[in-house]
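The structure appears right after this line, and notes come after that.
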Amino acid sequence: MIDLNDITRSVKNSEKNITKKIIVCAGTGCIANGSLKVFKSFLDIAKKIKINVHIELKKENEGVFLFKSGCQGFCQNGPLVSIFPDQILYTRVTTDNVEEILQKSVKNNEIIEKFCYIHNGTTICKKQNEIPFYQKQCRMVLKQCGVIDPENIREYIACGGYKAAKKVYLNMTDREVCDVILLSGLRGRGGAGFPTGKKWNLIRVQTSSKKYVICNGDEGDPGAFMDRSLMEGNPHSIIEGLIISAKATGADEGYVYVRTEYALAVKRMKKAVIDAINVGILGNNIFGTNCNFTLRIMEGAGAFVCGEETALIASIEGKRGMPSPKPPFPTQNGLWNKPTLINNVETLATIPIIINCGVDVFKNIGTNFSSGTKTFALTGHVLNTGLIEVPLGSTLRHIIFDISGGVTDEKGNVNENNFKAVQIGGPSGGCLTEEHLDMSLDFDSLKKIGAMIGSGGLVVMNKNTCMVNVAKFFMQFAQNESCGKCVLCREGTRQMFLMLRDITDGIANESVILLLEKLAKIVRIGSLCGLGKTAPNPVLSTLKYFRDEYYAHVKDKKCPAGECEYLINYKITDKCVGCTICAIKCPVKTISGVRGKKHNIDVTKCVKCGVCVNSCKFSAVVRG
């Protein structure tokens with residue numbers, strides 16, 4: 001039987017001779033910005049200047065330990081490099097910065113202020129816990145992401161990993177485990193918010209000799225990367241959650257379903273499974289009991305609809321990923337007609353936390369009916385995009401203005417009065433407006449206003465955003481991802497997209513808006529699965545809160561945000577000094593005038609390319 005304490009002691013002993021740890025963020029975002037080159041540069045330069053750097057923890061190794069972590073969350077400012085035990089965080093690190101970091105921060109314990117994050121352009125944040133982005137979060141699920149090496153099972157174990165699984169297998173019955181999760185108030189983090197303990201109990205009471213558990217990692221919402229980052233940054237937390245769920249439900253086989261585009265997540269999950277097998281955590285006689293559990297990684301083809309439970313099951317079975325009518329539910333008749341538990345990545349990663357910290361501690365975070373924390377992928381017009389974790393019940397104002405640093409304009413400058421809306425929950429969610437900035441973000445509060453948390457995508461939009469265009473974008477996505485099985489979803493999403501396109505093209509009339517609203521309600525009621533039922537949400541929520549923008553498009557033939565190409569008219573204001581740059585750069589020569597005097601645009605010939613706006617140094621050309 002595996003001895004977790006022995007591994008922990010071994011890791012701690014290996015760390016005794018390590019003077020510093022250099023952690024290079026190797027989440028997908030930082031890798032895209034060159035963090036792997038930075039990592040290699042640390043190795044090469046350390047060798048050149050004779051600093052003893054190791055990339056493996058061994059008892060005989062002395063000096064500096066260098067390793068790659070998963071996503072550290074502060075994506076806007078990557079590549080990120082952390083130095084422990086000093087807790088220094090350097091942002092936007094390049095290969096040119098590496099030697100200075102090694103010479104000053106590693107050799108001489110100096111903090112290089114020019115590489116630190118500067119808050120509000122004035123306050124130098126020398127350590128991670130001084131940065132408001134981190135300071136104002138509550139990182140539980142993400143606590144080890146960015147701190148440990150995701151490809152080293154020993155580091156996970158040394159941080160308390162698999163301790164909860166061992167406790168469950170040796171000291172608890174299946175019913176006791178289900179009761180703990182039910183009492184904790186944990187609700188599914190995939191979007192629906194169904195009580196996790198209740199779902200587990202539904203599987204537990206099934207008498208079948210064969211049961212399955214599945215981790216749903218088919219994250220497909222535009223702008224969402226929470227599950228991806230967890231699989232990349234702490235894969236063993238998900239495996240531990242699966243092992244515990246298997247004990248609670250009586251399952252002996254499981255799958256992690258990951259979309260194949262998540263190449264790094266697939267790689268790290270596969271390695272984590274192999275490592276867990278090699279140390280004896282997965283396989284037969286887990287922790288010396290008579291319980292067995294095997295786990296496989298299944299790569300999906302990237303269909304959004306496969307995030308729906310029955311479509312996901314069909315995909316694993318080798319069929320086309322299409323949803324099936326319910327009932328029967330997967331808890332009764334799932335994978336290969338056997339009782340099947342399906343939980344989201346974040347839900348499973350939360351399970352060990354609950355077992356370790358206890359029900360009371362977990363319930364004390366969040367709201368009465370939405371316990372714990374929630375991760376969000378924060379994108380759009382905000383100062384600091386990235387991956388965050390906050391207690392359920394937090395407000396949009398706290399997330400956007402306190403954590404992220406505020407709403408930005410088109411030039412990236414923060415403007416407190418520039419907030420317009422947030423699209424929450426991706427194509428399945430809805431729009432939240434200024435009136436919702438102080439509303440509690442929890443499952444029930446959002447449901448009351450026709451929105452949902454979804455998997456946790458938050459796309460912030462400023463006042464230069466056309467909400468009709470936003471609805472069109474999400475509707476096109478829903479139409480493209482529809483499996484085509486039911487007529488209302490297949491044809492309804494297509495017709496809604498075409499109506500929205502007519503509105504943004506300036507060829508629709510007022511009756512189209514009424515027809516669009518009517519069709520959206522019908523599609524929501526009559527579609528077979530969650531994709532079709534929630535696809536109209538962006539349309540209905542924008543119609544509810546921004547109806548005047550729709551009417552401006554059809555009545556005035558004008559896009560208030562100046563985004564819709566066919567409804568844009570450019571004009572030159574009195575700020576024009578007659579420098580002639582716009583006239584020179586105009587591709588169709590529609591701007592006329594003499595040097596030193598105000599110019600004019602012939603709107604009948606204008607192709608609305610926007611070159612004149614971008615080239616004017618005096619902001620004299622505006623969208624009218």
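General observations
- Inter-residue pairs, beta-carbon under 6 Å, first within 26 Å of Lys608 (Cα to Cα) and in segment 487-506, second small (Gly, Ala, Ser) and in a helix (DSSP H, G or I), 6+ apart: Leu500/Ala471
- So Ala165, is it closer than 20 Å to Val213 by Cβ, assigned to a helix (DSSP H, G or I) and either among the aliphatic types (A, V, I, L, M) or not assigned by TED's automatic domain parsing to the domain that holds Ala272 (or both): yes
- The criterion of at least 1 residues that are farther than 26 Å from Gln72 by Cβ and touching a Pro at 6+ places or on another chain (Cβ under 8 Å) is met, among strands (runs of 3 or more DSSP E) falling completely within segment 370-446, by 430-433.
- Any hit, segment 443-461, residues being touching a His at 6+ places or on another chain (Cβ under 8 Å), at pLDDT 90 or above and either crowded, with 21+ Cβ neighbours inside 10 Å or within 19 Å of Gly191 (Cβ to Cβ) (or both): yes
- Residue check, Glu100 modelled with pLDDT of 90 or more, surrounded by fewer than 16 Cβ atoms within 10 Å (Cβ to Cβ) and of a type in the set (D, E, K, R): yes
- Whenever a residue of segment 582-600 is touching a residue at least 24 places away in the same chain (Cβ under 8 Å), its partners that are charged (D, E, K, R), lying with C-beta atoms within less than 8 angstrom and at least six residues away or across chains, give the pairs Lys598/Asp574.
- Odd one out for Lys114 among (1) outside any helix (DSSP H, G or I); (2) under 28 Å from Val382 (Cα atoms); (3) in the same structural domain as Gly27 (by TED's automatic domain parsing): (1)
- Residue check for Ile131: farther than 30 Å from Ala251 by Cα and either touching a His at 6+ places or on another chain (Cβ under 6 Å) or surrounded by 20 or more Cβ atoms within 10 Å (Cβ to Cβ) (or both): yes
- The test for being β-branched (Val, Ile, Thr), under 16 Å from Ala192 (Cβ atoms) and crowded, with 21+ Cβ neighbours inside 10 Å does not hold for Ile388.
- Candidates Ile23, Ile31, Ile18, filtered to the one that is of a type outside the set (Phe, Trp, Tyr), buried (at least 16 other Cβ atoms within 10 Å of the Cβ), within 17 Å of Asn108 (Cα to Cα) and in contact with a Leu (Cβ under 9 Å, 6 or more places away or on another chain): Ile18
- The criterion of at least 1 residues that are farther than 30 Å from Gly307 by Cβ and acidic (Asp, Glu) is met, among helices (runs of 4 or more DSSP H) falling completely within segment 530-605, by 547-555.
The values are calculated or read from the model by the stated rules, or taken from the named source; none is laboratory data. Keep in mind that what you see is a predicted model, and the values were worked out from it rather than measured. Please note: Cβ atoms are built from the backbone with ideal geometry, for glycine as well, and neighbour counts cover all protein chains shown.
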